[in-house]
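To keep things clear, I will list the structure first and then write my remarks on it.
The values are calculated or read from the model by the stated rules, or taken from the named source; none is laboratory data. This is a predicted model, so every value here is computed, not measured. Positions of Cβ are backbone-derived with ideal geometry, glycine not excepted, and every protein chain shown enters the neighbour counts. Note: accessible area is taken over every heavy atom of the protein model, side chains too, but ligands, DNA and RNA are not part of it. Shrake-Rupley method; radii C 1.70, N 1.55, O 1.52, S 1.80 Å.
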Amino acid sequence: MSTHTGLTRTPLRRFLDYAVLSVLAFIFALPVIYLFMGSLKPSDEVLNGLSGFLPTHLSFDNYTAVLDSLDSDSTGYFWRFMGISLLLAFVVVTGGLFVNSMAAYGLSRLKWRGRNAVFALVLLLMLVPFESVAVPLFYMFNGRRNTLFIQAIPFIANAFSVYQFHTFFRTIPPSIEEAARLDGAGPWRTFFAIIVPMSKPAFASVAILTFLTQWGSFLWPVLMVSDPSVRPLPLEMSVFQAQLPPDWGQILAFGVLLVLPVLIVFAFFQRWFVQGVASSAVKG
């Protein structure tokens, strides 16, 4: 009787779990739906409450207006702002994957004196918000303002990324590295030929989270960038939004153009990202 009861309850419980998750997913998706819907509407229909979700008077005029308004030397070029953001994100993501993964490998797999103390310091750095060091960094690098270099360099090394890699690397059986050593592989070859291919979920998770952080970076560009020729896209959106009178349809269209690269990156790395999150959850 108990076995039969358990079998009949399991589908119901599964249905309730999916029902609750579906409702929550829909609630979290509402702002994104409103963003996309509003970007296709005339400005006077965007801020109409719940009626903003209705698909009426849809067109791509707002997108055309945004691209046309940012297509001259006086206003700057939209695709230049987009290219700068993509370049900065590429440098920070690729550099961060290389630097942080190697740091995590040294902290998790290699044995050396002081390793635990250094890892404890990394954990402490995770508790320091960037806002608390932004002003000191501003004075340190004030002479390099308005450069692409200074917009990327401070964000390549990241304590949280080191921690993510460290957590994943600890799940890899030591016997694999021992077998590699017996075959004559040193630490460098072991890392690039064995650890990296086995750690695709960790690399995908770190890549997505790093891209999200860098793509939406705003405080640091506000402090370090005043030249429109090196202005990233989020900073340009704040300038565009400040224009009077505000055209909310065009602002939302700009927001969609800002969000699209994030969705593309997530779609590309989604499979490995889910695996990385699942591995972290099992490890936890």
Estimated inter-spin distance, ARG80 and VAL259, nm [label 7 Å along Cα→Cβ]: 2.8 nm
Estimated dipole of the chain in Debye, rounded to 20 [Cβ of Lys and Arg +1, of Asp and Glu -1, Cα centre]: 1580 debye
Globularity index of the chain, i.e. its alpha-carbon radius of gyration over 2.2 N^0.38 Å: 1.26
Solvent exposure, largest accessible area first (probe 1.4 Å, DNA, RNA and ligands not counted), of VAL196, VAL135, VAL162: VAL135, VAL196, VAL162
Exposure ranking of THR56, THR213 by accessible area [1.4 Å probe, largest first]: THR213, THR56
Carbon/sulfur fraction of accessible area - the chain, other protein chains in place, 1.4 Å, %: 69 percent
Kyte-Doolittle mean at least 0.0, axial Cα span of 20 Å or more - DSSP H helices of the chain: 2-39, 78-108, 200-215, 248-283
Length-normalised contact order of the chain in % [C-alpha pairs under 8 Å, at least 6 apart]: 29 percent
Highest-MSF residue in the chain out of ILE208, ILE176, ILE153 [GNM, Cα springs under 10 Å]: ILE176
Prolate/oblate/rounded label for the stretch 1-98 (Cα gyration tensor, a/c 1.5): oblate
Calculated log₁₀ intensity ratio I(q)/I(0) where the Debye formula runs over C-alpha points of the stretch 87-238, q = 0.11, 0.16, 0.20 Å⁻¹: -0.51, -0.91, -1.22
The stretch 196-244-the stretch 103-174 distance, computed between alpha-carbon centres (Å): 18 Å
GLU177 - accessible surface, heavy atoms, 1.4 Å probe, Å² rounded to 10: 10 Å²
HIS57, HIS166, ranked by accessible area, largest first (probe 1.4 Å): HIS57, HIS166
Percent RCO, i.e. relative contact order, over the stretch 10-58, from Cα pairs under 8 Å lying at least 6 residues apart: 29 percent
Per-residue SASA entry for LEU148, accessible area with 1.4 Å probe, Å² rounded to 10: 60 Å²
Average accessible surface area per residue within the stretch 74-282, 1.4 Å rolling probe, Å²: 54 Å²
Furthest towards positive pole of dipole, PRO11, PHE36, PRO129, structure part the chain, Cβ charges: PRO11
Value of [θ]222 nm, deg cm²/dmol, for the chain, DSSP H segments ≥ 4, -39500 (n - 2.57) each, nearest 500: -22500 deg cm²/dmol
Candidates GLY106, GLY76, GLY114, ranked by Gaussian network fluctuation over the chain, Cα under 10 Å, top entry: GLY114
Residue of VAL206, VAL93, VAL122 that the Gaussian network model of the chain assigns the largest fluctuation, springs spanning Cα pairs under 10 Å: VAL122
Radius 14 Å from Cβ of VAL222, net charge of other residues (Lys, Arg +1; Asp, Glu -1): -1
Over the stretch 154-284: Kirkwood hydrodynamic radius from C-alpha pairwise inverse distances, Å: 17.7 Å
Percent of alpha-carbon pairs separated by more than 16 Å within the stretch 10-58: 50 percent
Residue (of LEU67, ALA104, PRO232) at the positive-pole extreme of the chain, dipole from beta-carbon charges: ALA104
